[in-house]
Amino acid sequence: MSEYSLSALRVGQSAYVAEIQADEAMRRRLLDLGLIRGTRVTCTAKSPAGDPAAYLIRGAVIALRKSDAAQIEVGVVP
């Protein structure tokens, strides 16, 4: 499995959460949203400027800033 940040996902691409490297407050917020290890995440849309982007997480669409998404390592199963 290759790993990279969530912000690198293209629209329509899916990956699985590998690790969250955010500060404690942001980490807690992301965990509360359901972003735990192994969770499937799909990029559903990006704004014209690319920031923020919308992600489908456990049936809910969540918008994340590129700087926040960059702190989430994801892996794509080949």
Taking the condition of being without any contact (Cβ under 8 Å) to a residue 24 or more places away in the chain and either surrounded by 15 or more Cβ atoms within 10 Å (Cβ to Cβ) or closer than 11 Å to V74 by Cα (or both), how many residues in region 13-30 meet it? 1
Out of (1) more than 13 Å from Y4 (Cβ to Cβ); (2) open to solvent by 50 Å² or more (accessible area, probe 1.4 Å), what's the single condition that is false for Q71? (1)
Check off (1) loosely packed, with under 11 Cβ neighbours inside 10 Å; (2) touching an Asp or Glu at 6+ places or on another chain (Cβ under 6 Å) for A49 and give me the number that stays unchecked. (2)
Give the number of residues within region 57-68 that are open to solvent by 50 Å² or more (accessible area, probe 1.4 Å) and either within 9 Å of the chain's Cα centre (by Cα) or on the phi > 0 side of the Ramachandran plot (or both). 2
I36 passes all but one of the listed conditions (1) under 9 Å from the mean Cα position of the chain (by Cα); (2) of a type in the set (V, I, T); (3) assigned to a loop (DSSP other than H, G, I, E, B); the exception is number (1)
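The values are calculated or read from the model by the stated rules, or taken from the named source; none is laboratory data. This structure is a prediction, so every number in the text was calculated from the model and none was measured. Ideal geometry is used to build each Cβ from the backbone, glycine not excepted, and the neighbour counts take in all protein chains shown. Accessible surface is based on the protein model in full, side chains and every heavy atom, while ligands, DNA and RNA are left aside. Shrake-Rupley method; radii C 1.70, N 1.55, O 1.52, S 1.80 Å.
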